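The values are calculated or read from the model by the stated rules, or taken from the named source; none is laboratory data. The structure displayed is predicted, hence computed values, not measured ones. We place every Cβ from the backbone using ideal geometry, glycine too, and count neighbours over all the protein chains shown. Ligands, DNA and RNA are stripped out before the accessible areas are found, and what is left, the full protein with its side chains, is counted by its heavy atoms. Shrake-Rupley method; radii C 1.70, N 1.55, O 1.52, S 1.80 Å.
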Amino acid sequence: MERVIKMILLKLMSSLLIFLTSSTIGYLYGKTFSSRLENLIYFEQCIKMLETEIVYGATPLPEALSNVSKKGKSKVSYIFEEIKSDLLLNKREGVYYSFLSVEDKLYEDFHLIKEDVEIFLALGRVLGTSDRTDQQKNFILILNQIAAQILEARIERNKNEKLYRSLGVITGAGIIILLI
């Protein structure tokens with residue numbers, strides 16, 4: 001009798017572990033969609049700050065990057081400090097190469113997709129290459145592209161986040177049913 005109770009208890013514990021693991025995996029994968037949207041919104045805010053610093057404040061680029069890093073949402077704004085540091089320490093030929101130095105972090109830390117990263121890198125290509133009027137036009141273009149990416153990310157999140165969370169729960173339940 002005691003052996004049967006132990007076996008039932010073991011099955012229950014194993015089932016609970018399987019269910020929690022698969023549900024957590026589904027939840028975490030679904031969260032990447034929310035994370036991408038949130039980070040794009042924060043990047044948009046940081047780029048607007050950078051625009052204000054450069055176009056309206058005529059702040060030198062390293063100082064503008066530092067100011068954005070301090071004023072922006074710290075979850076993403078630290079990347080601007082890294083760009084500034086790379087720009088000053090490595091004496092890069094152009095700003096683009098400093099932006100390129102953080103490309104891997106954009107994918108890994110912020111769950112951005114290729115199109116998002118290309119827009120961010122395009123900002124590095126145009127910064128400091130023309131007068132303030134052209135800079136303002138470039139910022140407007142970049143911000144419009146980011147707004148489109150935010151809309152796409154919102155649609156993708158609404159479609160996929162719940163799907164992957166549910167899929168994790170269903171997978172866990174399915175495995176438990178197969179094992180019983």
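Rolling a 1.4 angstrom probe over the stretch 20-177 with all protein chains present gives an accessible area of which 57% lies on carbon and sulfur atoms. Straight-line reach from Lys162: which lysines have a Cα under 19 Å away, not including same-chain ones fewer than 8 places off? Hits, sequence-local ones excluded: Lys31. Highest mobility in the GNM of the chain, judged by mean-square fluctuation with C-alpha springs under 10 Å and restricted to Ser23, Ser34, Ser77, is found for Ser23. For Cα extents along the principal axes in Å, which listed value, (1) 45, 35, 33; (2) 47, 35, 26; (3) 83, 33, 25, comes from the coordinates shown? Read-out from the structure maps to (3).
In deg cm²/dmol, rounded to 500, what helix-only [θ] at 222 nm does the chain give when every DSSP H run of at least 4 residues adds -39500 (n - 2.57) and the total is split over its residues? The partial results should precede the final answer.
Values: 7 runs with 150 residues, N = 180.
Estimated from H runs of four or more residues: -29000 deg cm²/dmol.
When you restrict to C-alpha pairs under 8 Å that are six or more residues apart and normalise by the size of the chain, the relative contact order lands at 37 percent. Taking 8 Å as the Cα distance limit and 6 or more residues as the minimum spacing, I'd like the relative contact order of the stretch 47-135 as a percentage. Result for the stretch 47-135 is 23 percent. Listed by chain and number, the lysines whose C-alpha is less than 22 Å from the C-alpha of Lys71, apart from same-chain residues fewer than 8 away, are Lys48, Lys84, Lys105.
Here is what passes the span test in the chain: the DSSP H helices with alpha carbon length of 20 Å or more along the helix axis and a Kyte-Doolittle mean of 0.5 or above are 2-51. Heavy atoms of the protein chains alone define the surface here; on that basis the stretch 58-97 has 56 Å² accessible area per residue at 1.4 Å probe size.
Taking the charge dipole of the chain about its Cα centre, with +1 at Lys and Arg Cβ atoms and -1 at Asp and Glu Cβ atoms, the residue from Ser66, Leu141, Leu16 reaching farthest to the positive side is Leu16.
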